1. When only residues in region 472-510 that are modelled with pLDDT under 70 and more than 24 Å from Trp422 (Cβ to Cβ) count, which is surrounded by the most Cβ atoms within 10 Å (Cβ to Cβ)?
2. For a quick check of your reading of the model, give me the residue pairs whose first member lies in region 247-271 and is more than 10 Å from Ala232 (Cα to Cα) and among the hydroxyl-bearing types (Ser, Thr, Tyr), whose second is part of a strand (DSSP E or B) and open to solvent by 50 Å² or more (accessible area, probe 1.4 Å), with beta-carbon atoms closer than 9 Å and at least 6 apart or on different chains.
3. Quickly run through region 231-240 and pick out the residues that are of a type in the set (A, V, I, L, M) and open to solvent by 20 Å² or more (accessible area, probe 1.4 Å).
4. Taking the residues in region 241-287 that are open to solvent by less than 10 Å² (accessible area, probe 1.4 Å) and among the β-branched types (Val, Ile, Thr) as candidates, determine which candidate is farthest from Gly350 (Cα to Cα).
5. For Val119, work out the one condition from (1) touching a His at 6+ places or on another chain (Cβ under 6 Å); (2) buried (at least 24 other Cβ atoms within 10 Å of the Cβ) it doesn't fulfil.
6. Filter region 76-97 down to residues that are farther than 19 Å from Thr40 by Cβ and in contact with a Ser or Thr (Cβ under 6 Å, 6 or more places away or on another chain) and give me whichever is modelled with the lowest pLDDT.
7. Filter region 311-351 for residues that are small (Gly, Ala, Ser) and in contact with a Lys or Arg (Cβ under 8 Å, 6 or more places away or on another chain) and give the result.
8. If you go through region 323-363, how many residues are open to solvent by less than 10 Å² (accessible area, probe 1.4 Å) and either out of contact with any helix residue (DSSP H, G or I) (no Cβ under 7 Å at 6 or more places or on another chain) or within 17 Å of Thr226 (Cα to Cα) (or both)?
Amino acid sequence: MRKTLLLIAALTSAASIGCVSEEDSSSQIESTESALCTPTKLALATAVSSAAPIQAAKNAIDGNTGTRWESAYSDPEWIYVDLGAVKTVTEVRIDWQHAAAKNYRIDVSNDAVNWSAAVVSKTGGIAVDHRIDDLTGFSVSARYVRMYGTARATQYGYSIWELTVYDGSSCGGTGAGGSGGAGGSAGAGTAGAGTAGAGGRAGAGGSGGAGAGGSAGSSCVSGALTLATAVASASPKQAAKNAIDGNTGTRWESAYSDPQWIYVDLGAVKTVTEVRIDWQHAAAKDYRIDVSNDAVNWSAAVVSKTGGIAVDHRIDDLTGFSVSARYVRMYGTARATVYGYSIWEMTVSGYDPASCATNLLTAGWDHSNVVSNFTPVAGYTFGAGKNAISFDYTGKTFATSDEPVRLEFTQSVTIPKAGSMWRLTLTISGINDQTNLPPQFLAAVSGVFASTYAPTVATVAGSTQLVRVGSLTSGAQLTADVSASLTAGQVVDVEIDDVPTFTESSDGKTGTGLQKFNMTDVSLVRLN
């Protein structure tokens with residue numbers, strides 16, 4: 001009988017980190033199949049607005065972007081939605097008609113009488129039909145959520161096609177807020193970088209510029225990326241450039257056949273976390289988003305959409321991934337109408353990994369604090385570099401009174417910046433028997449186990465969170481993504497627990513080691 005190797009990486013105290021570093025992002029596309037999840041769209045029971053509306057409040061929550069609420073032609077005016085019960089709210093999304101708000105705030109209540117201070121505010125909005133304000137960077141508990149407009153962008157009232165509310169607390173990183181409390185503010189252009197609690201969906205960049213949450217591209221916080229050019233499949237009815245000109249009155253339209261595609265050029269390799277498409281009525285039924293670094297070799301689908309319907313200004317906001325690429329493509333395989341694929345605007349959000357903070361694990365392992373539950377403590381040496389350990393258990397004997405046999409290494413980190421999504425990366429090389437003795441590891445941050453591993457996940461000893469690296473070539477990189485709310489200034493103990501693979505005695509208490517490999521380039525970075 002053989003025991004298997006287990007590496008457990010745990011952050012026992014919270015921490016913040018930089019963003020994913022890429023040594024050669026131009027030559028390899030790294031599809032992380034990120035653990036970032038999509039917030040839950042909350043059901044809205046009713047909508048109520050200020051007096052004498054021109055068009056009914058219920059139109060703003062009917063799911064139809066062809067109907068709208070329109071207020072009286074005065075300031076202030078408001079509309080609130082009822083969630084039916086107290087819920088956690090981390091995002092409010094407003095699809096404005098041309099008669100939009102210039103300045104407004106989102107506030108909340110539990111009784112529709114007493115309203116909180118502004119949870120998040122927006123100023124300087126312009127009059128553009130189907131301007132989308134995606135407001136994130138907060139986490140509050142409330143039953144009622146209100147848009148309170150203080151200045152209009154036109155002489156008309158406030159007019160909303162659709163108002164939607166989301167709960168992204170299950171995605172991790174929900175900051176402190178409480179009933180009526182105020183999370184950190186974030187502008188329409190960036191996602192979830194509030195000071196009180198950076199919650200909600202990572203990578204939800206808005207159509208506007210960077211708001212108070214932080215400048216797009218200046219950190220790991222996702223924001224709208226600059227699109228250098230747009231290129232489409234042959235014989236378009238209307239030019240590809242129309243899909244990236246910032247004008248929702250112009251559009252790209254493809255030929256009337258399947259498949260058709262359009263891709264945008266980011267100008268350089270960036271980390272992409274969101275693609276948003278504002279469809280004209282001639283929309284896609286089925287399509288995928290794929291990426292490339294050379295516009296020739298394209299990845300597998302990063303995210304797919306099926307069953308889309310033909311509704312003018314249908315907005316597909318595609319999130320839940322993190323991928324490195326220069327070119328981002330919409331590849332349509334089935335149309336929703338007899339016409340072509342037609343896009344008013346296509347926007348891509350993410351960040352420049354070159355501007356992100358570096359690996360936080362720089363202190364090196366604490367040589368004086370290696371803990372084991374087996375004897376003798378043998379079979380490892382600290383390799384060259386601060387984050388390297390060489391394991392060689394071949395021929396060494398072990399005894400233990402309990403299972404599993406464990407060898408724990410630690411190092412401490414003081415977290416410089418808060419975040420809610422983290423990536424542990426390490427490189428495995430020099431495996432003496434990769435087929436029969438593959439190393440394995442389990443990652444956790446502050447007791448929260450990783451939800452996404454690359455490249456593979458296997459069920460071992462009842463766990464579905466162990467990564468088997470036997471399928472890797474020597475020197476391959478392993479990653480584990482963990483969702484945990486960590487704050488700036490916290491001191492974090494990073495632990496790696498090793499369980500050697502060995503032949504086992506009949507009583508299960510002793511054995512002889514079989515395994516040899518190196519673990520190098522261990523890093524911990526912030527993804528949002």
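The values are calculated or read from the model by the stated rules, or taken from the named source; none is laboratory data. The structure displayed is predicted, hence computed values, not measured ones. When we count neighbours, we look across all protein chains shown, and the Cβ atoms used for this are built from the backbone with ideal geometry, even at glycine. Calculation scope for accessible area: heavy atoms of the full protein, side chains included, ligands and nucleic acids excluded. Shrake-Rupley method; radii C 1.70, N 1.55, O 1.52, S 1.80 Å.
1. The extreme case among them is Ser474.
2. What qualifies is Thr250/Gln238; Tyr256/Arg335; Ser257/Arg335.
3. Those that are of a type in the set (A, V, I, L, M) and open to solvent by 20 Å² or more (accessible area, probe 1.4 Å): Val231, Ala232, Ala234, Ala239.
4. Within region 241-287, the match that is farthest from Gly350 (Cα to Cα) is Ile262.
5. (1) is the only condition that Val119 fails.
6. Among those residues, the one meeting the criterion is Gln97.
7. Within region 311-351, Ser324, Ala325, Ala334, Ala336, Gly340, Ser342, Ser349, Gly350 qualify.
8. 15
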